[in-house]
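The values are calculated or read from the model by the stated rules, or taken from the named source; none is laboratory data. Not measured: the values here are computed from a predicted model. Counting neighbours? That spans all protein chains shown, and the Cβs are built from the backbone with ideal geometry, glycine included.
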Amino acid sequence: MSPESPRVYQGPTVDRRMMLKGLLGAAGVAALPALAACSSSSSSSPSSTGAASGTVSLGSNASDAVPKKAFQAVYDAFQAKNAGIKVQVNTKDHDTFQEQINSYLQATPDDVFTWFAGYRMQYFAAKGLSNKINDVWDAIGNNFPQSVHDLSKGQDGNYYFVPIYYYPWAVFYRKSVFQAHNYTVPTDWNSFISLCQKMKSDGLIPIAFGDSDKWPAMGTFDYLNMRTNGYQFHMDLMHGKAAWTDAKVKAAFAHWTEILPYHQEGYIGRKWEDAAQSLLAKKAGMYLLGTFVAQQFTNPDDLADLDFFAFPAIDPQWAQDSVEAPVDGFMLSKSPKNRAAAVKLLEFIGSADGEGAYLKVDNSYDALVNGYDTSGYNAIQKASATLFGAAQHVSQFMDRDANPAFTSTVMQPQLQAYLQNPGSIDSILNQIEQQKQAIYNS
Amino acid sequence: MTVGTSADAVESGRAADRPRRAPGRLRRLTRRDKTVLTLMTGIPTSLMVVFVWVPALASILLSFTSWDGIGLDSIKWIGLRNYRQIFTIYPQFWPAVEHNVIWLVALAAIPTPFGLFLAYQLDKRIRFSRFYQGAFFLPVVVSSAVIGFVWELIYNPDHGLINSLFHTNNPNGSYLDWVGNPKLNLWAVLVAASWRHAGYMMILYLAGLKSVDPTLKDAAAVDGANEWQAFRHVVFPALRPINVVVAVVTVIESLRAFDIVYVFNKGEHGTELLSILITNNIIGEASRIGYGSALAVILLVVSLAVIIPYLIVTFRKERRA
């Protein structure tokens, strides 16, 4: 960490408070074709800065088959519209791309690269490893609600990011299982606990869980903390401003300890795919994960049976006002070879046509543009839009909202330690706080 | 091992040369000889300096700094802070040291004698000897990432081979979490590592046994020694040179253990190793280069503490010979 990095954490929280006001109206409402048409035309016409042509290189982490195809559809649609520009895609394995990102961005990166919103994006912006794209946002600004504007800005207030889609985290269940046992969707903590108890007595695993990859526990903690202590405290905690030894954090973990007996045994060594299989096989009743859990429901009948609800409220003060919805998108590298063409590409990605080209191939995610035509959405996508639209605050995910060194070297093993031994939470939180100070102050 | 053998070659070559043209040897070298010699020593030396010494020294220097790997101007000198934090507030550090020690003891105690046992049996030229050699040596040839993956399929708690066979995959009943349970997973992964190490040791001992003069065994038999006595008092002492190599290889293997564990469960919740902590801190977005370097220096010091006595013993012995 460099000496100036603590400054980095002071940025976005105030802005984010006001987040999503615009979205409330837009995303939930189905099909506003007129607006969609208007926004897509505004993205291309006014900003045409002379003749952009040549090749844009693009570094992609979309190594899985479906996203790879979907992104290619975006680039194909872009090239069809801009005859003179060719997009040259360099796809790397998803995890390798993330592991090498530091050296990749410092060496000779592609003009445009795939990345994530949140602190994870702002970090590279603050380090000068990515290029300001205020000009892109002059063109696409009208396409997005204020919340997305805020997500796309660095700590310095400039734009660095163009989003393409989001996917919320929620509690997934099978409608048929809930019908068969006469379960109702719990909205508060007590009804959630009693549902867990009922499921257990009905021979179901109440909450499927697999933390072998170590990030699923982060999603669970994010929700518990936001529901117990509110969005602002969660963000302060992520940005290193609040203390992990705070009684509030302990309270959040106490709620976790309360539901831990209802989690699927053996979670430490289980992969999320296997946990999802137990939900699919109707052995487990609920599963807290991102909407990508649907990838495991390959049979259309099973997929139609899949539904989700927002994580139940714990403190009525916060109710269910926050949603964890990571946003993926694109950034411009620090000195792109063909900036004019890269800007054109980013403008296209940030339009209804660009997002639509992706979602036509991969329907695991939701679009972010205003008034996107949602008539093609499946049930999960529609429910995601409702969930996202109803939320007042959007968190990204622990590993996107906090210092990556902290999440990977401290939180991942410490959350595992907690899951193995919930009783030692006091000493675990002390260790986390000590290590946090070592990392955030270094 | 490599160091030992190349030193052997140099030493024996010089010893052979010495009687013929000991004094003034350098003066008789032509310019061409000198060029060749310069190239032949210069290139390996500079490679060694560039790829071994410079990175090692850089790691040592970086271990006293805090650096996120972005731009040289963000390197900050912080003295011993990394070390202090590693020893005091890094909860994974001491378990990792302990696991490295367990790894060493386990490899030395089980697969190494077992490899010797296999080699001793195969050396008797039993039937299908070549097939057995191939079978036991196969794990050494296969990449350990692949080994980790294969054993992951065997140990997977939900649908792995072991739990499926013994019906211990029922989360509500008997459930053996080979990957996640910290009481089980280190041993589970050690079985995989031992399986590989035994083959390696077998080949080393097989080579050693080939060089044991068979008449020694015959003589022991004539003197009335039984199989065990012959092995214990005649063959095993004759294997002394190879035992040194085996000891060093085992130490090196246990200190650099990484890939099997990393594939098995990324080296956390019970299988932490020093090598994995280094990787976690340096690779990826984490980029705590200084902190990771400090861990690497600790591992380097441990390695040197083992290797230096070995080199001293070896060189002293050769000087005597």
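If you take just the helices (runs of 4 or more DSSP H) that sit entirely in segment A:366-442, which of them hold at least 1 residues that are over 24 Å from the mean Cα position of the chain (by Cα) and surrounded by fewer than 22 Cβ atoms within 10 Å (Cβ to Cβ)?
A:412-420, A:425-440
Would you mention how many residues in segment B:171-190 are out of contact with any Gly (no Cβ under 9 Å at 6 or more places or on another chain) and either facing another protein chain (nearest Cβ under 9 Å) or of a type in the set (A, V, I, L, M, F, W, C) (or both)?
Count: 3.
Tell me which of these residue A:264 doesn't satisfy, since it passes every other one: (1) more than 10 Å from chain B (Cβ to nearest Cβ); (2) touching a residue at least 12 places away in the same chain (Cβ under 8 Å); (3) of a type in the set (S, T, N, Q).
So residue A:264 meets the others, but not (1).
For a quick check of your reading of the model, give me the residue pairs whose first member lies in segment A:87-101 and is facing chain B (nearest Cβ under 10 Å), whose second is part of a helix (DSSP H, G or I), with beta-carbon atoms closer than 8 Å and at least 6 apart or on different chains.
Pairs found: A:101/A:124.
Which residues, taken from segment B:255-298, are within 21 Å of the chain's Cα centre (by Cα) and of a type in the set (S, T, N, Q)?
Hits for segment B:255-298 are B:265, B:271, B:275, B:279, B:280, B:293.
Would you please name the residue that is surrounded by the most Cβ atoms within 10 Å (Cβ to Cβ), looking only at residues in segment B:258-291 that are more than 10 Å from every other protein chain (Cβ to nearest Cβ) and modelled with pLDDT of 90 or more?
B:273
Residue by residue through segment B:115-145, note down the ones that are within 22 Å of residue B:185 (Cβ to Cβ) and part of a helix (DSSP H, G or I).
B:139, B:144, B:145 - these are the residues of segment B:115-145 that are within 22 Å of residue B:185 (Cβ to Cβ) and part of a helix (DSSP H, G or I).
In segment B:146-186, which residues are in a loop (DSSP other than H, G, I, E, B) and under 14 Å from residue B:264 (Cβ atoms)?
Result: B:156, B:157, B:160, B:177, B:178, B:179, B:180, B:181, B:182, B:184.
Residues to consider are B:129, B:164; find the one that is of a type in the set (S, T, N, Q), within 30 Å of residue A:267 (Cβ to Cβ) and surrounded by fewer than 19 Cβ atoms within 10 Å (Cβ to Cβ).
B:164
Of the residues in segment B:47-76, how many are surrounded by 11 or more Cβ atoms within 10 Å (Cβ to Cβ) and more than 11 Å from chain A (Cβ to nearest Cβ)?
Of the residues in segment B:47-76, 14 are surrounded by 11 or more Cβ atoms within 10 Å (Cβ to Cβ) and more than 11 Å from chain A (Cβ to nearest Cβ).
Which pairs turn up if I take residues in segment A:192-207 that are within 12 Å of chain B (Cβ to nearest Cβ) and look for partners that are exposed (fewer than 13 other Cβ atoms within 10 Å of the Cβ) and at pLDDT below 95 with beta carbon separation below 8 Å, at least 6 apart in sequence or on another chain?
A:205/B:172
Can you find a residue that is more than 14 Å from chain A (Cβ to nearest Cβ), touching a helix residue (DSSP H, G or I) at 6+ places or on another chain (Cβ under 9 Å) and under 30 Å from residue A:205 (Cα atoms) anywhere in segment B:156-163?
Checking segment B:156-163: at least one residue is more than 14 Å from chain A (Cβ to nearest Cβ), touching a helix residue (DSSP H, G or I) at 6+ places or on another chain (Cβ under 9 Å) and under 30 Å from residue A:205 (Cα atoms).
So which pairs qualify, if the first residue must be in segment A:419-442 and under 17 Å from residue A:214 (Cα atoms) and more than 8 Å from chain B (Cβ to nearest Cβ), the second must be charged (D, E, K, R) and surrounded by 15 or more Cβ atoms within 10 Å (Cβ to Cβ), the Cβ gap must be under 7 Å, and the two must be at least 6 apart or on different chains?
Close Cβ pairs satisfying both conditions: A:419/A:211.
Test residue B:311 against the stated conditions and say whether it is farther than 28 Å from residue A:420 by Cβ and either free of Cβ contacts under 8 Å to residues at least 24 places away in the same chain or more than 10 Å from chain A (Cβ to nearest Cβ) (or both).
For residue B:311, the condition - farther than 28 Å from residue A:420 by Cβ and either free of Cβ contacts under 8 Å to residues at least 24 places away in the same chain or more than 10 Å from chain A (Cβ to nearest Cβ) (or both) - is met.
What do you reckon, is residue A:210 in contact with an Asp or Glu (Cβ under 8 Å, 6 or more places away or on another chain), closer than 20 Å to residue A:320 by Cβ and outside any strand (DSSP E or B)?
In short, no.
What residue, among those in segment A:381-402 that are within 21 Å of residue A:243 (Cα to Cα) and in contact with a Ser or Thr (Cβ under 8 Å, 6 or more places away or on another chain), is farthest from the other protein chains (Cβ to nearest Cβ)?
Taking the candidates together, the pick is A:395.
So which residues in segment B:259-283 are closer than 18 Å to residue B:106 by Cα, out of contact with any Gly (no Cβ under 8 Å at 6 or more places or on another chain) and hydrophobic (A, V, I, L, M, F, W, C), if there are any at all?
Passing the criteria: only B:274.
Scan the strands (runs of 3 or more DSSP E) fully inside segment A:262-363 and keep the ones with 3 or more residues being crowded, with 23+ Cβ neighbours inside 10 Å and at negative phi.
Passing ranges, in order: A:284-290, A:322-324, A:327-332.
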